[in-house]
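See below for the structure under consideration.
Each value in this text was obtained by applying a stated rule to the coordinates, not by laboratory testing. Since this is a predicted model, take the numbers as computed values, not measurements. Positions of Cβ are generated from backbone atoms using ideal geometry, with glycine treated the same way; all protein chains shown enter the neighbour counts.
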Amino acid sequence: MSGWGTGAYGTGGWGAATATPGLSLDHVYASGTRAVTVVLTGAPLASNPSAPGDARNVATWTIEDVTSGTAFTPTAVATTDDPTTFVISTLEDLGDYTHTHRVTAAALVDSGGNAATPPLSATFTGVQQRAARNDAPTAADDVVDLRAYHVSRNPVGGTLNVNSAGDYQTMGGVELVRKLIIRRLTTRPGEFFHLPDYGFPFQTADVVRPVELVKLRAALREAVKREPEVKDAGVGLSLDSANGVLTVTVRAALQPAGETLEVNAELPVGAVGF
């Protein structure tokens, strides 16, 4: 006679077949020149940055450049909206896209405190570093005529205008909308505490991948159309991988007069992924 351990209920649908797979690493990828995104197969312990095996503890993670043998120093682990995804920041720049990197979490535990199971490491390629830029001030930047803001080399902000009364001159019409569009596209959501939804979720440290340009263009178009004066808009993108520059061209139709304007902006990106 068989019992519960080796009978139908012991090894059938009620027994061994219901075993839950352990927590492990699913995949990782470089999300910045000093950032690695880690995706797990389940939710780990992530409640105490100083607890052993906690996903938020930097000591849980090791990151290395397999190609060069360089070890990186994790400085912080950020949570995301997905409880299985974490972003690890490093003190040093990652290697470029020709290098293979490895993330290991040998001490990682799940939300119940159980040790994670293999695979506990995963590899990823680096990113193409943004070309160095010479942003040092020059003599031309030392003196600016507030009455002639066009002398500024900054095509986005310009400088201030002064009217005949000596007060700052305000701007309106098409030129104002142009600046409002640029301001929206270069502002991160949450930077204006009273306008939590204002801006566009892009920053200069972001990694841009060519395969994501279609999605990025659609998101930019929707952001531009949020300006009350914009009736419709078209957005063009051009990615200069060698210099790490994303060129954005916006053509917007305004309402109610039907005027049109064009905005061109060059956004430096943190790195170019593949």
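Mind checking the full-extension length gain between Lys231 and Ala51? Use 0.36 nm per residue of separation minus the Cα-Cα distance, one decimal, nm.
Difference between extended and current length: 59.5 nm.
If we count every other residue with Cβ under 15 angstrom of Ser111's Cβ, Lys/Arg +1 and Asp/Glu -1, where does the sum land?
So the surrounding residues net to -2.
Within the set of other residues whose C-beta is less than 14 Å from the C-beta of Thr84, count the net charge using Lys and Arg as +1 and Asp and Glu as -1. Let's see the in-between values first.
Numbers: positive: Arg56; negative: Asp26, Asp81, Asp82, Asp110.
Around Thr84, the surrounding residues sum to -3.
Considering only the other residues whose Cβ falls under 15 Å of the Cβ of Ala46, what net charge follows from Lys and Arg at +1 and Asp and Glu at -1?
Result for the neighbourhood of Ala46: -3.
According to the square roots a ≥ b ≥ c of the eigenvalues of the Cα gyration tensor, what is the shape class of segment 16-126, taking rounded for a/c under 1.5, prolate for a/b larger than b/c otherwise, and oblate for the remainder?
Cα axes put segment 16-126 in the prolate bin.
Rounded to the nearest 0.05, what FRET efficiency is calculated for Thr123 and His194 with R0 set to 51 Å and r the Cβ-Cβ distance? The partial results should precede the final answer.
Working: r = 44 Å, r/R0 = 0.87.
After rounding, the FRET efficiency stands at 0.70.
To the nearest 0.05, what FRET efficiency results for Arg217 and Ala115 with a Förster distance of 35 Å applied to their C-beta separation?
The value I calculate is 0.20.
Return the percentage of antiparallel bridges among DSSP beta bridges fully within segment 16-126, rounded to the nearest 5 %.
Working: 30 of 30 bridges.
Beta bridges within segment 16-126, antiparallel portion: roughly 100 percent.
From the backbone phi of segment 51-62, what are the Karplus-calculated ³J(HN,Hα) couplings (6.51 cos²θ - 1.76 cosθ + 1.60, θ = phi - 60°) in whole Hz, Gly and Pro given as x?
With coefficients 6.51, -1.76 and 1.60, one gets 7, x, x, 5, 5, 8, 8, 4, 6, 6, 10, 10 Hz.
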